[in-house]
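Just below is one structure, and these are the notes that go with it.
Any read-out appearing in this document is the output of simple, stated calculations on the displayed coordinates, not a laboratory observation. Keep in mind that this is a model prediction, so the values were computed, not measured. As a convention, Cβ positions derive from the backbone with ideal geometry for all residues, glycine included, and neighbour counts pool all protein chains shown.
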Amino acid sequence: MAGLHFPVYALAVLVSSTPALAGSGANVADNFARPALQDFESAAIKLTLATQGLCAVPGAATLAAARSLFVETAGAFGRVSVLRFGPLAAENRFEKLFFWPDPRGIALKQVQAALAQKDETLADVAVLAGKSVALQGLPALEFALFGSGSHELVSAPADFRCRFAAAVAANIAFVAGEAVAGWRVDTPFAASFTDPKPDGEPYRSAAEVDGEIVKALATVLQFIRAAELQPPLGDDSAGANGRLAPLWRSDATFGLVTAQIAGARDLLLAAGYAETLPADQNWLPGQVRFSLDAARRGLEQIASPAEKAFADADDRGRVEFAEVALDGAGHDISEKLSAALGLTMGFNALDGD
């Protein structure tokens, strides 16, 4: 993640000589990636229209509609964020959609400066798309719709802020559409992912496709823990700070995280390993799903707003339980599932440059 100085970890895949199981790529493309990305694009389009509607008719009702669709779009993004490879990773699309982690508050500083200066070029989606990724995605749009001064969106004087928000929303929809297009059946990436060839790119075997799937699963769980849950948790309740969590202003933090967990579960299900692994190993996907479901249920029970939940005794316990469950699922994926698929996994730090 260029420009993000934060110790998020991904998995490098070393494919062994053990044959991997064929068909997982086609299953993932048809049963998860394509429909999930289309759902994300649809949500982003609705959000764009709602934000444009807010600009046309400022008011409490239109602001509430835009905010509601922001939360829906954040959840739809969370579900597809496990696909952090191929089209969603190309051309910095992931960072354009979700500039996170952001420990130095780059997005906040840039958005606040843009709103203060009323830079009219940033209300043009074509120009915005060429600007800093910190101005282009969900965190930037969240501040425009929910941050300090957003109450002005109910009245006409907030015209620039609203038009900036509409441009960001339109950019999110455009980037989502690019990712959808990249997964279409007639693209080189989709052809390679669903039917890898020895002389193909980027995948030359079914084992490499399985390696990509397992890497994606382990990476999103590590990202949730290291970039989204651990910083606001701090070392204890006294050091907790919910404002270090993503999307806390909209209280979409736990909706985002539970959607990310659901995306990991759905990707694992779509890969079909429970049906294709040998009988003495086909229990592994079920064990991973059990841990993921436990983590998600715990987070769904959080009662406090995200800003306060990490310090609240009961809710903090739920977050800590979810983190432990996700850690267990991550180990099962990177150690047991990878071994069952004939893959050797190693860790590489992705801490930016």
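Projected onto the charge dipole of the chain (+1 at Lys/Arg Cβ, -1 at Asp/Glu Cβ, origin at the Cα centre), which of SER291, LEU135, GLY272 gives the Cα projection farthest towards the positive end? Checking the options against the dipole of the chain, the answer is LEU135. On full extension, the segment bounded by ARG34 and ALA226 gains 66.3 nm, given 0.36 nm per residue less the C-alpha separation. With the simple spin-label model, which puts each label point 7 Å out from Cα in the Cβ direction, the GLN301 to LYS109 separation comes to 4.1 nm. Only residues of segment 150-172 count here: report those whose backbone N is under 17 Å from the spot 7 Å along Cα→Cβ of THR121, or say none. Answer for segment 150-172: 164, 167-168. Mean-square fluctuation check for the chain, GNM, Cα pairs under 10 Å: which of ASP124, ASP102, ASP199 is largest? Comparing ASP124, ASP102, ASP199 in a Gaussian network model of the chain, the most mobile one is ASP199.
Once volume of the Cα convex hull per residue in Å³ is calculated for the structure shown, the corresponding label among (1) 154; (2) 128; (3) 225 turns out to be (2). The dipole here belongs to segment 29-188: it is taken about the Cα centre, uses +1 on the Cβ of Lys and Arg and -1 on the Cβ of Asp and Glu, and is about 220 debye. A Förster radius of 25 Å combined with the Cβ-Cβ distance from HIS331 to ALA90 puts the calculated FRET efficiency at roughly 0.25.
So what's the angle, to the nearest 10 degrees on a 0 to 90 scale, between helix 60-80 and the longest Cα principal axis of the chain? Rounded to the nearest ten degrees, it is 20. Counting beta carbons within 10 Å around each of PHE160, PHE40 and listing the fewest first gives the order PHE160, PHE40. Computed over segment 213-353, the convex hull of the alpha-carbon atoms projects to a mean area of 9.0 nm².
By the beta-carbon count within 10 Å of each Cβ, the least crowded to most crowded order of TRP100, TRP248, fewest first, is TRP248, TRP100. Pairs of Lys residues in the chain that lie 8 or more places apart, or on two chains, and have C-alpha atoms under 17 angstrom apart add up to 6. The residues PHE189, PHE98, when put in order of fewest to most other Cβ atoms within 10 Å, stand as PHE189, PHE98. Label-to-label distance, GLN287 versus ASP186, with points set 7 angstrom from Cα along the beta-carbon direction: 4.5 nm.
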